[in-house]
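Contents: one structure, followed by commentary.
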Amino acid sequence: MLTHRDYERLCHEIWHHSKLYYVDHAPVISDEAFDALYKKLEELEAAHPEWITPESPTQRVNEALTSGFPTVQHAIPMLSLANTYSKEELQAFIARMHKLVGHSNVIFSVELKMDGIAITVRYEKGVLVHGVTRGDGKSGDDVTSNLRTVKSLPLKLIGDAIPDLLEVRGEVFMPHQGFDALNKQKEAAGDELWANPRNAAAGSLKLLDPREAAKRPLEVVFYGIAEMHPHPLATQHACHHYLAELGLPTLPIVAQCASFDEIWAFASRVHEARRTLPFDIDGVVVKVDSIRDQKRLGYTGKDYRWAVAYKFAAEQAVTRVREITVQVGRTGVLTPVAELEPIFLAGSTISRATLHNAEEVARKDIRVGDTVVIEKGGDVIPKVVSVNLDKRPEHTHPWRMPQECPCCGTPIERDPDEVAIRCPNRDCPEQIHRRIAFFASKDAMDIDTLGTKVVAQLIKHGFVKNPSDLYRLTEQQIGQLPGFKEKAIANLLTSIDRSRQVELSRFILALGIRHIGVGTAELLANKAGDMETLAKMSKEELMRIEGIGEIVADAVIAYFRDPDQQAEVQRLLEVGVAPKSVAVVVYDGHPFQDKNFVLTGTLEHYTRNDAAKLIKERGGKVVGSVSKKTDYLLAGSDPGSKLDKAKELGITILDEESFRKFLDN
Ligand code: IVH
């Protein structure tokens, strides 16, 4: 018989190993062993839901949707840093500090300047209470439910000397690897890409559904203490170590410097190493190390007087536009691309830069033959910043989007509601190529032996035009492709054949419906259960699925109304592609349908997640806070202020008993 003490021990063990994994990146047990511990915890919590506390490792993702983020007043204002951009300005800051502190033996803490979103996080008795954005410095948005999903953020501090109160300042960011993967998904779905990891982090932190936020690869580091009781630390440098001991993720590179030369040498090393770091930084921060001196120096207006940012310039290079070409996407969107004279910039050779759309080219008046400044700043994708008009050759003309598709010659069309210009010909060879390559790609049908070069060959030989043609390929046809001998032929045929057994969500993704990515395809599959149902769903039904908005709903409707698409889906099913149905529970016309629920207090028989799931399965919605739009408040024991508010607004209150009765209605 396991006791509450065992439960607490298990929680501690998991917190400990999570820190080793997510914060220190140095796990000491295998993933399987970790999963086993986690599973044991889940089982224990299922048997004893009354033991669950918000800081339990299982409670990271809160199911409730929010309609916005409550504003929270900062206990200590979140001030900013003055910026410097040159060696001289930084030198002047150091001289000023020497003068104000009264001597020239001032020690400085020099740190990476993370390029993310500033946050402040409060722990009371070691337990995470809330996380808030900077906002206007005086108050910010309470983004706790999204922050809790960031795996490197401890829900509970560890160690022997946990302060009664700790408010820490830090930065939420998205590492390059996760950012690239996210943008690839967006590209596959035909959606607009995030311009840089900082925007992606900001957007993710403001998602209204914490379950979506949980899928975003966010990380966090802390670099300062706003408030702490008791506060035994004397220097900023000691803070870094202290925070790390409590299990908080801290800056990976910091230095203590005693002179400007040391600071400059450190900044130069960081600048050089910048491109090898797995995340974006935009400079270094120099802080007076002594906390007593910091307090004495205070602030001026909105900036601390004792710290300064030294910002690195975005890396730029000058090169020449050889040509402006037009790329045709899977859905026919035409994108102008600058073909550049290759130039080395910030760690890689750049020979192309996207020009986004025709309006952007016109605005900057970029012409073939122009000498341009390109930049790779916070943005991973290089961009053309400006044109050097002095170097413009004679007799050039403003660039114009061709009136025909560069690939198939079809007259182009402009989307009435977008800036995008498209080739409307679905038989355009470039569109066919991209569509089939996408169909076969890893997240879709996962036909691993069918790379883009093979697709190009198959199209060139006239063997495939639609994805369904892949399933009719013969040995004899594949044998005609360059380099295909017996073994390769058999491999390709086997992997095509294997892809016939496919999960419904992958199949939906593979169809290449506009605006549908991996996540949305899963939502559709889980709701519809099979292709027939999906094809018949109305716009209203689609929009009732949580996470599906009007743009996606319209795209799905348009897809299934198009006779060519209908015929292709039919052909795919005829050649034996058999998407696996997903079991869905249908509660049509349930009293919970379209009703807004708020949950409060502790339920005896359900975790909050379970209750939320039961409501959603019956067509209801769960939101975070009580408002006039709330239909039901489901109240367990120790309900809190939401109950008072609901009573005030005359909202129907359900206790657990009546909730249970309603479920089977
Ligand atoms: S100290 C709250 N240290 O830079 C002001 N800030 O430009 C004191 N930042 O809002 C901040 N890395 O979001 C500090 N090592 C670091 C930092 C850092 C990034 C951000 C922070 C701040 C902004 C000011």
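Dividing the summed helix terms, -39500 (n - 2.57) for each DSSP H run of n ≥ 4, by the number of residues in the chain produces a 222 nm estimate of -10000 deg cm²/dmol to the nearest 500. The gain in end-to-end length when the residue 449 to residue 50 segment is fully stretched comes to 138.5 nm, 0.36 nm per residue minus the alpha carbon separation.
Take every Cα pair under 8 Å in region 194-291 that's 6+ residues apart, average their separations, divide by the length, and report that relative contact order as a whole percent. Answer for region 194-291 is 27 percent.
Under a model in which nothing but the beta-carbon of Lys, Arg (+1) and Asp, Glu (-1) is charged, the chain shows a dipole of about 1080 debye around its Cα centre. The calculated FRET efficiency for residue 351 paired with residue 403, based on their beta-carbon distance and R0 = 30 Å, is about 0.65. Counting every other Cβ atom within 10 Å of each residue's Cβ, 401, 78, 174 order from fewest to most as 401, 78, 174. A Förster radius of 60 Å, combined with the Cβ-Cβ distance separating residue 485 from residue 99, puts the computed FRET efficiency at roughly 0.15. Given in Å, the Rg to one decimal and the Dmax to the nearest whole number for the Cα atoms of region 77-202 are 19.0, 60. A simple spin-label model places pseudo-atoms 7 Å from Cα toward Cβ; at residue 660 and residue 75 they are separated by 4.1 nm.
Other residues with beta-carbon under 14 Å from the beta-carbon of residue 403 carry, at +1 per Lys or Arg and -1 per Asp or Glu, a net charge of +1. A Förster radius of 41 Å combined with the Cβ-Cβ distance from residue 575 to residue 323 puts the calculated FRET efficiency at roughly 0.50.
Using 0.36 nm per residue and subtracting the Cα-Cα separation, the extra length available between residue 362 and residue 594 on full extension is 78.8 nm.
Gain on full extension, evaluated as 0.36 nm per residue between residue 296 and residue 501 minus their Cα-Cα distance, stands at 66.8 nm. Sorted fewest first by neighbouring Cβ atoms within 10 angstrom, 435, 498, 618 come out as 498, 618, 435. Dipole of the chain computed with +1 at Lys/Arg Cβ and -1 at Asp/Glu Cβ about the Cα centre; of 168, 18, 405, farthest Cα towards the positive end is 405. Rounded to the nearest 20 debye, the dipole size of region 459-503 about its Cα centre is 100 debye, using +1 on the Cβ of Lys and Arg and -1 on the Cβ of Asp and Glu. Ordering 333, 369, 309 by the projection of their Cα atoms onto the charge dipole of region 300-387, which places +1 on the Cβ of Lys and Arg and -1 on the Cβ of Asp and Glu, puts 309 at the extreme positive end. Kirkwood analysis of the Cα pair distances in region 197-354 returns a hydrodynamic radius of 19.9 Å. A Cβ-based charge dipole, computed about the Cα centre of region 1-87 with Lys and Arg at +1 and Asp and Glu at -1, lands at about 540 debye.
Quick note: the coordinates plus some simple rules give every number you see, no bench work behind them. All of these numbers come straight from a predicted model, not from anything done at the bench. Cβ atoms come from the backbone with ideal geometry, glycine included; neighbour counts cover every protein chain shown.
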